[in-house]
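Everything below concerns the one structure shown next.
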Amino acid sequence: MTINTDKSTSVTDAINTRITTRAFLDKPVPKDVLTGIFETARRTASGGNLQPWNVHVLTGEPLETFRNGIMAKMMKQDFEQETHQAYPSPLWEPMRSWRYKLGEDMYALLEIPKDDKTARLMQVAKNFSFFGAPVGILIVGDKRLGMPQHLDIGIYVQSLMLLAREQGLHTAPQGAWRGWPDSVREFTKHTEDQEILVGMSMGYADPDQPVNDLVSDRAALEELVTFYDG
Ligand SMILES: Cc1cc2nc3c(=O)[nH]c(=O)nc-3n(C[C@H](O)[C@H](O)[C@H](O)COP(=O)(O)O)c2cc1C
């Protein structure tokens, strides 16, 4: 399937056409379009209306400076301590298999074999150039926030992803940014009480890149949803 770059005109279409996009065109997003997305995302629900997200949107020169800084650190293998593990370890079934399948499907599309660890690492490293996107987003939250507020931030992330589809844009949500907590803090100047929770790439998808043909599997409805009918 080729990635759908049309503007979504319904929530259903936005959900059905959104995919994690891992290659973007070098084409800026108009300022009013970008501002409009964040303006509307303010309406996202949060428990107690806490609005626990603190959002940094990078474009143009600041984005270049930030991603070049990360690239330079990667080249020097000057890595930082990840703040939160992405998954429980060890991961159990069926999630373990779902995660494995996602990776294998992506590397198959990219024609990167299992034993080519360098090529696989290079693909992962693309996270830190925001996959070439013209917009990089860093979402910071207070370390005292709990699970309920992290749910709220997840809902906010979904708002951004769906609003982006309405503008013909695509996104990649990125937990990977938790791997660069010091560099993010240096840039955003957030306090020691705050931490990077998630990042996101946003822009126009490159329809010619095979990685954007990845349509990840989903469990069947009955596997995860139970209806209790009268
Ligand atoms: C909170 C969150 C963090 C994610 N972090 C990353 C990431 O760091 N890098 C990446 O390539 N994909 C990341 N993903 C994308 C997931 O792998 C993707 O959503 C999942 O495989 C389903 O595929 P789809 O988004 O294309 O439907 C993340 C997704 C979410 C929701």
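Values in this text are rule-based calculations from the coordinates and carry no lab data. Just so it is clear, the model here is predicted, and its values are computed rather than measured. With ideal geometry, Cβ positions are generated from the backbone for all residues, glycine too; neighbour counts draw on all protein chains shown.
Beta bridges per DSSP, both residues in the chain: antiparallel share near 95 percent.
Using only side-chain charges placed at the Cβ, +1 for Lys and Arg and -1 for Asp and Glu, the dipole size of the range 137-230 relative to its Cα centre rounds to 320 debye. With the highest mean first, a sort of the peptides 71-81, 99-109, 204-214 on other beta-carbon atoms found within 10 angstrom per residue produces 204-214, 99-109, 71-81. Between the listed residues MET71, ALA45, THR9, the Cα displaced farthest toward the positive end of the dipole of the chain, a dipole computed from Cβ unit charges relative to the Cα centre, is found at MET71. Panel order for TRP180, TRP53, TRP98, by other beta carbons found within 10 Å of each beta carbon, from fewest to most: TRP98, TRP53, TRP180. Farthest toward the dipole's positive end in the range 84-230, which of PRO90, GLN167, LEU102, given Cβ charges of +1 (Lys, Arg) and -1 (Asp, Glu) about the Cα centre? Most positive-ward Cα: PRO90. Of the peptides 60-69, 151-160, the ranking by mean beta-carbon count within 10 Å, highest at the top, reads 151-160, 60-69.
Measuring nothing but how far apart in sequence close Cα pairs (under 8 Å, 6+ apart) lie, relative to its length, the chain scores a relative contact order of 41 percent.
Computed about its Cα centre, the charge dipole of the range 74-216 is approximately 160 debye, with only Lys, Arg, Asp and Glu carrying charge at their Cβ. Between ARG42 and MET147, the contour length at 0.36 nm per residue exceeds the alpha carbon distance by 35.8 nm. Our summary of shape: the Cα atoms of the range 59-168 have principal axis extents of 39, 39, 35 Å, ordered from largest down, in whole angstrom.
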